[in-house]
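Have a look at the structure below, then the notes.
The values are calculated or read from the model by the stated rules, or taken from the named source; none is laboratory data. Since the structure is predicted, the reported quantities are computational estimates derived from the model, not experimental observations. Note: ideal-geometry Cβ built from the backbone for every residue, glycine included; neighbour counts use all protein chains shown. Each accessible area value is taken on the protein alone, full model and side chains, heavy atoms only, with ligands, DNA and RNA left out. Shrake-Rupley method; radii C 1.70, N 1.55, O 1.52, S 1.80 Å.
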Amino acid sequence: MSTAESALTALLEVMARLRDPRSGCRWDLAQDFRSIAPYTIEEAYEVADAIERADEKSLRDELGDLLFQVVFHARMAEERGWFEFADVASSIHDKLVRRHPHVFSERPQALDGAALETIWEEQKARERAASRESGEAPGALADVPLALPALTRAAKLGRRAARVGFDWAEAAQVRPKVMEELAELDAALGERSSSAEEAPAAEVVEEFGDLLFALVSWGRHLRIDPEAALRAANQKFERRFRHMESLARERNMNMQSLTMQAWEALWCEAKEAGPPAERS
């Protein structure tokens, strides 16, 4: 048995012990798929965070936490007689081999990105056809998880719709749609002024959502991951704001009483103090 096999076997044994009805952990025994799902999502985000920070040790630990989530779900499924961890591993193994015929066939081929995408889509089309033959009739947007982050799900929905021809031909055609949605948001806002305590009108919320969806579509055509782009913007804002706080403390400035002009001056200083690529 290899080191990896030994380690995985030990992990599966730990999970079985934690869920043992007689001697297991009360907290682990009380969990079900629904209660564990938020932790699974959280662990995936923590993996992404470790990657973003280039933290090798954290990445190793967070991948372990994420693997434990898979083991946890598989154990609960096994207890219900649905499937076990080996079935999970076999399922993804078979799918990867099936979707990479250029690698696992008798005559492997070195293909470029466009050819790889064609092979991938053709295989997925065959899988969908097989589903229809088995009595299922999934639509183009079937199986896009509701639990995905909204920006990621919007991009995925757009990609699915594009597969059946519902899409713009090029990125330049999407910009007018973004401007159209912005104009509709302006129209929904009209002359009304809302306070911080007042909830926005349902129409305003709807038009704001449409604008975000259009922006995601534009990003998809520009080959921009909206979630990654917003995450980077968040981090840039955090760096600049913390720098402003530092400047304010050094100058004994009361941040709560600063004017907009003072804030703007601090913001410009923070921008100039950042990396050259962020000074625009």
What are the residue pairs meeting all of these: first residue in segment 177-191, first residue within 14 Å of Val216 (Cα to Cα) and without any contact (Cβ under 8 Å) to a residue 12 or more places away in the chain, second residue assigned to a helix (DSSP H, G or I) and open to solvent by less than 60 Å² (accessible area, probe 1.4 Å), Cβ atoms under 6 Å, and 6 or more apart or on different chains?
none
Given (1) closer than 25 Å to Leu148 by Cβ; (2) outside any loop (DSSP other than H, G, I, E, B), Phe83 misses just (2)
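Check segment 24-31 and report whether any residue there is in a helix (DSSP H, G or I), within 18 Å of the chain's Cα centre (by Cα) and surrounded by 15 or more Cβ atoms within 10 Å (Cβ to Cβ).
no
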Against the conditions (1) part of a loop (DSSP other than H, G, I, E, B); (2) under 30 Å from Arg34 (Cα atoms), where does Val205 fall short? Just the number, please.
(1)
Could you tell me whether Leu63 is of a type outside the set (Lys, Arg) and in contact (Cβ under 8 Å) with a residue 24 or more places away in the chain?
no
Identity of the residue in segment 232-276, at pLDDT below 90, in contact with a helix residue (DSSP H, G or I) (Cβ under 7 Å, 6 or more places away or on another chain) and part of a helix (DSSP H, G or I), that ends up farthest from Ala44 (Cα to Cα)
Met255
Going by the conditions given, is Arg240 over 23 Å from Ala162 (Cβ atoms) and touching a residue at least 12 places away in the same chain (Cβ under 8 Å)?
yes
Name the residues in segment 64-80 that are of a type outside the set (A, V, I, L, M), open to solvent by 40 Å² or more (accessible area, probe 1.4 Å), farther than 14 Å from Leu18 by Cβ and assigned to a helix (DSSP H, G or I), would you?
Asp65
If Arg279 satisfies all but one of (1) of a type outside the set (Ser, Thr, Tyr); (2) within 30 Å of Glu52 (Cβ to Cβ); (3) at pLDDT 90 or above, what's the number of the condition it fails?
(3)
Of the numbered conditions (1) modelled with pLDDT under 90; (2) open to solvent by less than 40 Å² (accessible area, probe 1.4 Å), Val174 satisfies every one except a single condition; which is it?
(1)
Being surrounded by 11 or more Cβ atoms within 10 Å (Cβ to Cβ), in contact (Cβ under 8 Å) with a residue 60 or more places away in the chain and out of contact with any Asp or Glu (no Cβ under 6 Å at 6 or more places or on another chain), is that true of even one residue in segment 96-118?
no
